[in-house]
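Data block below; observations after.
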Amino acid sequence: ATGVSCERLMGTRSDHAALMLALLIGFCVVFRCSATLWDTNALLVVNGSIRKMPETLFGVFFEEINHAGAGGLWAELVSNRGFESGGHHSPAIIDPWSIIGDDSLIKVSTEASSCFKKNPMALRMEVVCDNDCPVGGVGIYNPGYWGMECLVEQGHGFRNDLFKMVANMKPAFIRFPGGCFVEGEYLRNAFRWKETVGPWEERPGHFGDVWFYWTDDGLGHYEFFQLAEDLGAAPIWVFNNGISHQESVDPSIIMPFVQEALDGIEFARGGPNSTWGSVRAAMGHPEPFDLKYVAIGNEDCGKKYYRENYLKFYAAIRKAYPDIKMISNCDGSRVKLDHPADIDAKTVFSMANTFDRTSRVGPKAFVSEYAVTGDDAGLGSLLASLAEAGFLIGLEKNSDIVEMASYAPLFVNTNDKRWKPDAIVFDSSQSYGTPSYWMQHFFKESNGATLLNSTLQANTSNTLEASAIVFQDPVSKKNNLRIKVINFGSSTVSLKILIDGLDPNLLDNSGTKTVLTSANIVPVTSLVEKAGRNMDVVLLPHSLTCFDVLMKSGSAEITSTADDTSYVSSM
């Protein structure tokens with residue numbers, strides 16, 4: 001099944017086109033013709049601007065899964081620091097705290113005597129040895145999250161290396177805090193934002209019963225918005241809508257959940273003198289956060305009461321915050337939604353041309369969780385990343401109706417692999433990106449870029465995908481032409497690239513080539529000396545290649561002077 005999905009990602013050509021191609025190939029072989037198309041295996045024609053793509057097209061999705069936050073991006077060194085793991089009861093669960101020395105020389109117990117109201121548990125340690133204590137001493141220690149390394153970023157508490165890996169992706173948005181983490185298996189264990197703000201020592205924490213571990217919620221509502229701001233990414237807050245994996249709140253009693261959502265928005269956007277804005281201001285951020293998107297629930301479409309309750313959330317938020325865009329959990333790419341929404345969420349991995357047939361009327365699409373899973377993906381594979389890249393090219397070409405897309409999951413701790421594959425792998429001291437992580441770097445300049453019309457003609461019809469964009473370098477403010485090509489096949493392909501309708505003096509005569517393939521762990525960039533309107537390039541087997549050429553003019557427009565058929569006939 002995975003192989004079929006990957007093939008679909010790459011797209012197909014019509015039977016008629018395939019037949020004509022076969023006849024032309026046969027004609028060339030018999031008469032030893034020197035047609036450029038067949039000598040080079042493939043032809044890519046770029047011949048005109050289509051539209052500006054959304055500024056928010058590609059971002060990231062963070063969920064507390066695989067210890068992504070606790071002991072991961074959130075650089076908390078001490079595991080179960082409040083002795084609250086498992087709840088507020090005595091004796092409390094103190095794992096992974098352990099005794100140093102002979103346990104006959106020390107007595108350890110827990111009691112509800114803490115000075116913190118929401119974290120009442122405290123640990124009492126009584127040393128019973130006096131002058132005869134061992135040389136190494138006695139006491140208790142905490143191993144952290146499978147080790148302790150000081151990798152904090154000098155201000156907001158994010159682990160330096162992991163934060164930089166996300167920042168280097170240049171995400172346009174960050175969706176948080178989940179995922180199933182938002183819902184909980186049962187509502188009593190759902191992420192409730194009001195329990196995650198204020199001083200860290202006053203946060204009760206909770207047991208995530210979907211992914212089966214305790215979080216102290218040091219990475220809470222405030223920290224997620226701070227993370228978005230630090231990344232320069234638009235925050236997308238996913239809130240609980242009264243639905244868990246096992247429960248759905250009746251519409252007659254849903255209003256407390258609606259009010260909780262309104263309060264959460266006020267925390268982010270309210271003035272420093274508002275009820276919840278003042279809490280944010282007291283935490284060190286008097287200015288509002290730039291919240292423009294909220295998702296009403298997570299993957300809950302089809303669950304009991306979802307639509308009825310959705311309408312109550314929608315009406316209340318629209319009245320209080322008319323500018324906020326609301327994201328429905330329902331997929332409107334095939335069937336028109338039966339409820340109002342600004343954006344709908346398509347969370348199922350699908351083929352690259354899924355949105356080709358989607359109506360251009362109605363809410364925009366948010367592909368909130370895409371990834372290749374199963375045997376083809378393993379813990380992260382090149383083939384999976386190439387299939388995902390083909391899917392993203394399909395989203396670029398349908399970016400008139402697709403507004404956002406994000407990979408999931410983002411992080412995995414090697415000691416707690418609850419889901420695979422993932423983009424970034426880490427332990428307490430090191431980290432690396434899987435091919436799916438590096439693949440996304442090829443698309444980070446697509447946000448807000450100009451999409452160009454590109455037509456691919458090849459005798460390897462279902463193993464190549466390509467797109468072309470013009471993007472502006474944020475530092476130099478100069479425009480660049482970027483052409484991305486995927487070779488999903490096992491053979492080397494010679495590709496001729498023709499840029500039609502462009503002033504020959506507009507493109508620089510040199511450029512760069514960046515390749516992701518099995519020969520290297522990370523993409524490798526090299527110079528291309530003969531760049532321009534007419535380029536002959538080689539695509540390695542199983543590779544993603546991007547060609548960047550500097551444009552000498554500030555214009556991003558390429559005007560078509562000939563249609564694709566003129567190139568076919570000239571061959």
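The values are calculated or read from the model by the stated rules, or taken from the named source; none is laboratory data. Predicted model, so just to flag it, every value in this text is computed and none were measured. Glycine also receives a Cβ, built like all others from the backbone with ideal geometry; neighbour counts cover every protein chain displayed. For accessibility, only protein heavy atoms count, side chains too; no ligands or nucleic acids. Shrake-Rupley method; radii C 1.70, N 1.55, O 1.52, S 1.80 Å.
Each row is one residue, and each column tells you yes or no for (1) surrounded by fewer than 14 Cβ atoms within 10 Å (Cβ to Cβ); (2) in a loop (DSSP other than H, G, I, E, B); (3) modelled with pLDDT of 85 or more.
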{"residue": "LEU495", "(1), (2), (3)": "no, no, yes"}
{"residue": "ASP508", "(1), (2), (3)": "no, no, yes"}
{"residue": "ASP536", "(1), (2), (3)": "yes, no, yes"}
{"residue": "LEU550", "(1), (2), (3)": "no, no, yes"}
{"residue": "ALA562", "(1), (2), (3)": "no, yes, no"}
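For segment 304-323, the count of residues that are in contact with a Pro (Cβ under 6 Å, 6 or more places away or on another chain), farther than 30 Å from ASN487 by Cβ and of a type in the set (Val, Ile, Thr) is zero. On the stretch given as segment 127-146, residues that are at pLDDT 90 or above and farther than 15 Å from TRP97 by Cβ total 1.
Restricting attention to segment 171-194, the residues that are farther than 30 Å from PHE443 by Cβ and either part of a helix (DSSP H, G or I) or of a type in the set (A, V, I, L, M) (or both) add up to 6.
Scanning segment 510-522 for residues that are buried (at least 18 other Cβ atoms within 10 Å of the Cβ) and at pLDDT below 95 turns up just one, GLY511. Scanning segment 408-446 for residues that are among the β-branched types (Val, Ile, Thr) and within 17 Å of the chain's Cα centre (by Cα) turns up VAL412, ILE424, VAL425, THR434. Candidates are the residues of segment 251-262 that are touching a residue at least 24 places away in the same chain (Cβ under 8 Å) and hydrophobic (A, V, I, L, M, F, W, C); the one that is most open to solvent (accessible area, probe 1.4 Å) is MET255. Checking the stated criteria, THR512 turns out to be in a strand (DSSP E or B), over 29 Å from THR373 (Cβ atoms) and touching a Ser or Thr at 6+ places or on another chain (Cβ under 9 Å).
Among the residues of segment 89-108, those identified as open to solvent by less than 70 Å² (accessible area, probe 1.4 Å), without any contact (Cβ under 8 Å) to a residue 40 or more places away in the chain and part of a strand (DSSP E or B) are ILE106, VAL108. The set of residues from segment 162-197 being touching a Ser or Thr at 6+ places or on another chain (Cβ under 6 Å) and surrounded by fewer than 16 Cβ atoms within 10 Å (Cβ to Cβ) comprises just one member, TYR186.
Condition check for LYS484 on (1) surrounded by fewer than 23 Cβ atoms within 10 Å (Cβ to Cβ); (2) at pLDDT 95 or above; (3) not hydrophobic (A, V, I, L, M, F, W, C): one failure, at (1). Checked against (1) more than 30 Å from GLY137 (Cβ to Cβ); (2) in a loop (DSSP other than H, G, I, E, B); (3) open to solvent by 20 Å² or more (accessible area, probe 1.4 Å), GLY86 passes all but a single condition, namely (1).
If you go through segment 523-534 and pick out every residue that is within 26 Å of ASN168 (Cα to Cα) and open to solvent by less than 60 Å² (accessible area, probe 1.4 Å), you end up with 3. Mind checking which residues of segment 263-278 are open to solvent by 40 Å² or more (accessible area, probe 1.4 Å) and part of a helix (DSSP H, G or I)? Selection gives GLU266, ARG269, SER278. Kindly check whether there is at least one residue in segment 109-117 that is closer than 30 Å to GLY59 by Cα, touching a helix residue (DSSP H, G or I) at 6+ places or on another chain (Cβ under 9 Å) and open to solvent by 60 Å² or more (accessible area, probe 1.4 Å). No, because not a single residue in segment 109-117 is closer than 30 Å to GLY59 by Cα, touching a helix residue (DSSP H, G or I) at 6+ places or on another chain (Cβ under 9 Å) and open to solvent by 60 Å² or more (accessible area, probe 1.4 Å). Taking segment 414-438 as the search range and keeping residues that are among the hydroxyl-bearing types (Ser, Thr, Tyr) and more than 16 Å from VAL522 (Cβ to Cβ), which one is surrounded by the fewest Cβ atoms within 10 Å (Cβ to Cβ)? Restricting to residues being among the hydroxyl-bearing types (Ser, Thr, Tyr) and more than 16 Å from VAL522 (Cβ to Cβ), the top hit is SER429. Only residues that are open to solvent by less than 60 Å² (accessible area, probe 1.4 Å) and part of a loop (DSSP other than H, G, I, E, B): list them for segment 463-475, please. Correct list: THR463, ASP473. Counting the residues of segment 198-222 that are of a type in the set (D, E, K, R), touching a helix residue (DSSP H, G or I) at 6+ places or on another chain (Cβ under 8 Å) and either within 19 Å of ALA282 (Cα to Cα) or surrounded by fewer than 21 Cβ atoms within 10 Å (Cβ to Cβ) (or both) gives 3.
Taking segment 130-159 as the range and being among the β-branched types (Val, Ile, Thr) and over 47 Å from the mean Cα position of the chain (by Cα) as the test, only VAL135 passes. Scanning segment 47-65 for residues that are of a type outside the set (S, T, N, Q) and either at pLDDT below 95 or farther than 24 Å from ALA449 by Cβ (or both) gives GLY48, ILE50, ARG51, PHE62, GLU63, GLU64, ILE65.
Considering only segment 307-328, state which residues are open to solvent by less than 20 Å² (accessible area, probe 1.4 Å) and in a loop (DSSP other than H, G, I, E, B). ILE324 - this is the single residue of segment 307-328 that is open to solvent by less than 20 Å² (accessible area, probe 1.4 Å) and in a loop (DSSP other than H, G, I, E, B). Counted as qualifying within segment 355-413 are the strands (runs of 3 or more DSSP E) with 3 or more residues that are modelled with pLDDT of 95 or more and open to solvent by less than 10 Å² (accessible area, probe 1.4 Å), namely 402-407, 411-413. When segment 406-448 is limited to residues that are of a type in the set (S, T, N, Q) and in contact with a Lys or Arg (Cβ under 8 Å, 6 or more places away or on another chain), the one that is nearest to LYS478 (Cα to Cα) turns out to be ASN447.
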